[in-house]
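The values are calculated or read from the model by the stated rules, or taken from the named source; none is laboratory data. Remember, it's a predicted structure, so these values are computed and weren't measured experimentally. Note that we place each Cβ from the backbone using ideal geometry, even for glycine, and neighbour counts take in every protein chain shown.
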Amino acid sequence: MLSFFNRAFFKNTFLFILSGKPFFRNGHTPPSYHKIPNHFFGLSVTIKDCEEDPVGIVETCRQHHIKDVTLIIPSNRINEFSPTLMDDLIGHDIKFNIKLILMNDEDIYLQWRELLDLTLLGYQRHIDSIEIEMTSYNNKALQYFLNIWTMTFNIARLKKIKTAGPSIQSFNPFFNETLLILLKEKYQLPDIHTINLSNETDKEPESIYQNFIIPKLGKIFKYNLLKKLSLMEKITESFNIKSLYGFIRPTYKKITSYTLRSIWLSIASGSLTKLYLPYQNVPSTLFLVDQIQTMVYQTSLFHENLFEMHHFKNDKDQMHILWARDQHKLDPHAFYHIEDLYSAKIYDSNGHILDPDNFEISDTPIYFIWKSIDPIILINVPKVLDERVSNIMALS
């Protein structure tokens, strides 16, 4: 029997709904005028990354001013991790988050304790936090998590290192709430609340998700990625936890347009304190890492069914990020006057410059950059080029 589905869980769920946390005004659009946090991006690296390309990791951090690295340790590969994997990375002003992912119900209590002791013995001053990720909800997995968490929490407090978690997979706010209540009762709340966004990057992040624990609840609450992040921020703040970190699990597959759009929406949301990007896929995201530093999110200029436009700005530059959805193609001339197109630096998602006379807006984000003082006046009535769509969409 799933241990969460008991009387206490349903009581907590009922109180959670009555608290008003799941309800939002304008929850599907980002709040305007918030600054992107300093050192917002970190890297997620695997044991294999550390073994095969430590120089590349260091160089990526150095060139792109990344100060935070998560070292991922799956519980079924704990014997493969050695603290010496950190040797090539220390000395470069990098802070580490040591992340244990509880993959199954194996008893790795003693192995994890030994690994922590060895790691903290020589590398303590380089370690900012220790994170435990929970991946299952049955009774055995819950007790397994709580035992590992208690031991890790006590060691971290003794060594004055922050704790992070529980990074529950997929979107399960009722489970997050219940688990944080359990940890609060034990006086073991994390310093950093972490969420796993990996499952949110293989589907359209702008869409309304119907499945929310049970489908009928999904029809009531209708969460897209922005609304999900806002709810997780509410939960974090309600437990007086100061930071909410997002995490995208590394994959050797090519990064998808959905993932890039999820990253941009996560930035625009203003809910996250930090976002860890997967090192294997980082070439596809380094351009945005460089561009977004010191930016302030201005507003969502368009937020329609088929396309989105988000505006960022700092003292030097301003940037528009555009993309279409549902495989539609949009003509940039429908949005911008010709003089604004020619005065912009226009980039694709990899940072390659585009010809203003020869490109279209697709489901992969495109970036327009002007000087911050340039007045950019949008055309009032952009038209969708796709022949299947005949409606004209006005500015929101």
Open item on the list: Among the residues that make up segment 281-296, is at least one of them of a type in the set (Ser, Thr, Tyr), assigned to a helix (DSSP H, G or I) and assigned by TED's automatic domain parsing to the domain that holds VAL45?
Closed with: yes
- [ ] Evaluate segment 80-96: report whether one residue or more is within 26 Å of ILE292 (Cα to Cα), assigned by TED's automatic domain parsing to the domain that holds TYR279, among the charged types (D, E, K, R) and more than 22 Å from the chain's Cα centre (by Cα).
- [x] yes
Open item on the list: All but one of (1) touching a His at 6+ places or on another chain (Cβ under 9 Å); (2) at pLDDT 95 or above; (3) assigned to a loop (DSSP other than H, G, I, E, B) hold for LEU189; state the number of the condition that does not hold.
Closed with: (1)
Task: Pair list, Cβ < 7 Å and 6+ apart or interchain, from segment 284-301 residues that are hydrophobic (A, V, I, L, M, F, W, C) to residues that are in a loop (DSSP other than H, G, I, E, B) and surrounded by fewer than 18 Cβ atoms within 10 Å (Cβ to Cβ) - done: LEU286/HIS64; PHE287/ASN350; PHE287/GLY351; VAL289/HIS64; MET295/ASN314; VAL296/TYR33; VAL296/ASN314
- [ ] Kindly list, by first and then second residue, each pair from a residue in segment 2-19 that is over 18 Å from ASN138 (Cα atoms) and of a type in the set (A, V, I, L, M, F, W, C) to a residue that is exposed (fewer than 15 other Cβ atoms within 10 Å of the Cβ) and at pLDDT 75 or above, limited to pairs with Cβ atoms under 9 Å and residues at least 6 apart or on different chains.
- [x] ILE17/PHE23
- [ ] Tell me, please, whether a residue that is in contact (Cβ under 8 Å) with a residue 60 or more places away in the chain, β-branched (Val, Ile, Thr), closer than 22 Å to THR201 by Cβ and out of contact with any helix residue (DSSP H, G or I) (no Cβ under 7 Å at 6 or more places or on another chain) can be found in segment 345-366.
- [x] no
Task: Residues satisfying the stated conditions in segment 120-138, i.e. outside any strand (DSSP E or B), within 20 Å of MET103 (Cβ to Cβ) and more than 20 Å from the chain's Cα centre (by Cα) - done: SER136, TYR137
- [ ] Taking ILE321 as the residue in question, decide whether it is touching a helix residue (DSSP H, G or I) at 6+ places or on another chain (Cβ under 9 Å), in a helix (DSSP H, G or I), among the β-branched types (Val, Ile, Thr) and under 30 Å from SER167 (Cα atoms).
- [x] no
Open item on the list: I'd like the full set of residues that are in a helix (DSSP H, G or I) and in contact with a Cys (Cβ under 9 Å, 6 or more places away or on another chain), limited to segment 86-119.
Closed with: MET86
Task: Residue, surrounded by the fewest Cβ atoms within 10 Å (Cβ to Cβ), within segment 184-209, restricted to residues that are closer than 17 Å to TRP149 by Cα and of a type in the set (S, T, N, Q) - done: GLN188
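Residues checked against (1) at negative phi; (2) out of contact with any Pro (no Cβ under 9 Å at 6 or more places or on another chain):
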position	(1), (2)
LYS222	no, yes
LEU244	yes, yes
LEU272	yes, no
LEU286	yes, yes
MET295	yes, yes
LEU301	yes, yes
LEU306	yes, yes
TODO: Mind listing whichever residues of segment 91-100 are at pLDDT 85 or above and surrounded by fewer than 21 Cβ atoms within 10 Å (Cβ to Cβ)?
DONE: ILE94, LYS95
- [ ] Report yes if some residue within segment 234-251 is assigned by TED's automatic domain parsing to the domain that holds THR285, under 18 Å from the mean Cα position of the chain (by Cα), under 20 Å from GLU133 (Cβ atoms) and at pLDDT below 80; otherwise report no.
- [x] yes
Open item on the list: Every residue in segment 238-280 that is among the hydroxyl-bearing types (Ser, Thr, Tyr), touching a helix residue (DSSP H, G or I) at 6+ places or on another chain (Cβ under 7 Å) and part of a loop (DSSP other than H, G, I, E, B), please.
Closed with: THR251, TYR252, SER271
- [ ] Only residues that are under 22 Å from ILE192 (Cβ atoms) and either surrounded by fewer than 18 Cβ atoms within 10 Å (Cβ to Cβ) or not assigned by TED's automatic domain parsing to the domain that holds SER198 (or both): list them for segment 101-112, please.
- [x] MET103
TODO: Please work out which one of (1) surrounded by fewer than 17 Cβ atoms within 10 Å (Cβ to Cβ); (2) at pLDDT below 90; (3) not in a helix (DSSP H, G or I) is the condition HIS333 fails and give its number.
DONE: (3)
